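The values are calculated or read from the model by the stated rules, or taken from the named source; none is laboratory data. What you see is a predicted model; the values in this text were computed from it and never measured. All Cβ positions, even for glycine, are placed from backbone atoms using ideal geometry, and neighbour counts span all protein chains on display.
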Amino acid sequence: MSEISADQSEREQKLIEDVLASFGQTPDARLKSVLESLVRHLHGFLRETRLTEQEWGRAIGFLTAAGHITDERRQEFVLLSDVLGASMQTIAINNEAYANATEATVLGPFFVEGAPEIEQGGDLSFGAAGQPCWVEGSVRDTQGKPLPGALLEIWECDQDGFYDVQYAGEDRTAARGRLRADEAGEFRFWALTPVPYPIPHDGPVGALLAATSRSPMRAPHLHFLVKAPQMRTLITHIFVEGEELRKGDAVFGVKESLVRQFEQQAAGTPTPDGRDLGAGDWARVRFEIVLAPADA
Ligand code: BEZ
Ligand code: FE
């Protein structure tokens with residue numbers, strides 16, 4: 001903190017105490033303690049940076065712009081939380097490490113409830129463009145016991161880096177689906193090999209990234225949401241090992257344990273299910289998913 005007089009410091013401290021006292025009668029104890037902490041940290045930030053009134057005005061303007069661009073399809077505040085690492089910090093706090101359970105990462109704004117159900121071995125690309133990718137794996141508990149019937153929701157962008165919901169004016173479902181693990185807790189399906197893509201950066205969060213020389217790119221990934229009775233719901237990705245991964249990730253979502261080798265297969269290589277891909281190449285990957293107990 002820059003040098004300020006004792007009188008000035010006392011004045012600033014008194015204000016914090018007044019604000020804290022104003023929340024003193026909050027009946028909900030958790031709400032009270034969260035607000036008190038917020039007040040302490042917010043005022044600490046204002047005092048530490050000696051924020052100018054003009055800067056505070058710009059901050060308000062930034063949040064106002066984030067509100068204006070937000071609607072049912074666009075959530076700028078979640079993006080802000082993502083690029084500040086607040087989403088990943090909240091996930092870290094709430095998905096405590098447990099034995100060999102698979103690590104969690106960001107949900108992102110493109111998950112959609114009610115994606116179409118596919119059969120084992122089905123194709124969730126639904127015509128979205130991209131390199132076909134065979135994905136297989138298992139869902140187990142931390143003792144290695146298979147979890148038959150576990151629900152897997154999977155979603156990703158197409159080869160142009162867009163999720164289906166980003167195509168304005170189209171009501172198309174593509175590159176997303178849900179399926180259930182079989183009796184052995186195994187799953188297999190066709191998807192697309194993930195590609196890098198930018199998070200939406202045409203709004204205030206994009207301006208923040210540009211002003212700080214940060215890239216909006218996400219490391220290539222495939223989203224998973226996995227549920228099974230009595231188990232902690234897992235929201236995660238697998239990341240494609242390779243050059244693109246090393247360029248970093250705008251939302252701090254990458255975990256070493258989630259990086260997988262997507263093995264490239266030359267055109268003509270027989271596919272696991274006999275599917276004829278003609279002259280096209282394809283890729284394959286395996287992902288062993290381990291769920292923590294719900295009460296972990
Ligand atoms: C995503 O992976 O879909 C995503 C995550 C955070 C921000 C934007 C997109
Ligand atoms: Fe994504």
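Some points to look at:
- Residue in region 52-59 that is under 26 Å from the mean Cα position of the chain (by Cα), more than 29 Å from A294 (Cα to Cα) and without any contact (Cβ under 8 Å) to a residue 24 or more places away in the chain present: yes
Table: residues versus (1) in contact with a helix residue (DSSP H, G or I) (Cβ under 9 Å, 6 or more places away or on another chain); (2) surrounded by fewer than 12 Cβ atoms within 10 Å (Cβ to Cβ); (3) hydrophobic (A, V, I, L, M, F, W, C).
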residue: E244; (1), (2), (3): no, no, no
residue: Q265; (1), (2), (3): no, no, no
residue: A283; (1), (2), (3): no, no, yes
residue: A294; (1), (2), (3): no, yes, yes
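- Note on region 26-123: enclosed helices (runs of 4 or more DSSP H) holding 2 or more residues that are within 16 Å of ligand 1 (Cβ to nearest atom), exposed (fewer than 13 other Cβ atoms within 10 Å of the Cβ) and modelled with pLDDT of 95 or more are 86-94.
- Filtering region 171-192 for residues that are in the same structural domain as D281 (by TED's automatic domain parsing), touching a Lys or Arg at 6+ places or on another chain (Cβ under 8 Å) and of a type in the set (A, V, I, L, M) leaves an empty set.
- Close pairs (6 angstrom Cβ cut-off, 6 or more residues apart or separate chains): in contact (Cβ under 8 Å) with a residue 60 or more places away in the chain and on the phi > 0 side of the Ramachandran plot in region 218-230, aromatic (F, W, Y) and within 10 Å of ligand 2 (Cβ to nearest atom) anywhere: none
- The one condition from (1) under 20 Å from the mean Cα position of the chain (by Cα); (2) within 25 Å of R275 (Cα to Cα); (3) not in a loop (DSSP other than H, G, I, E, B); (4) not acidic (D, E) that W134 does not meet is (1).
- Residue list for region 242-266, restricted to those being within 23 Å of G137 (Cα to Cα) and more than 18 Å from the chain's Cα centre (by Cα): G242, Q261, F262, E263, Q264, Q265, A266
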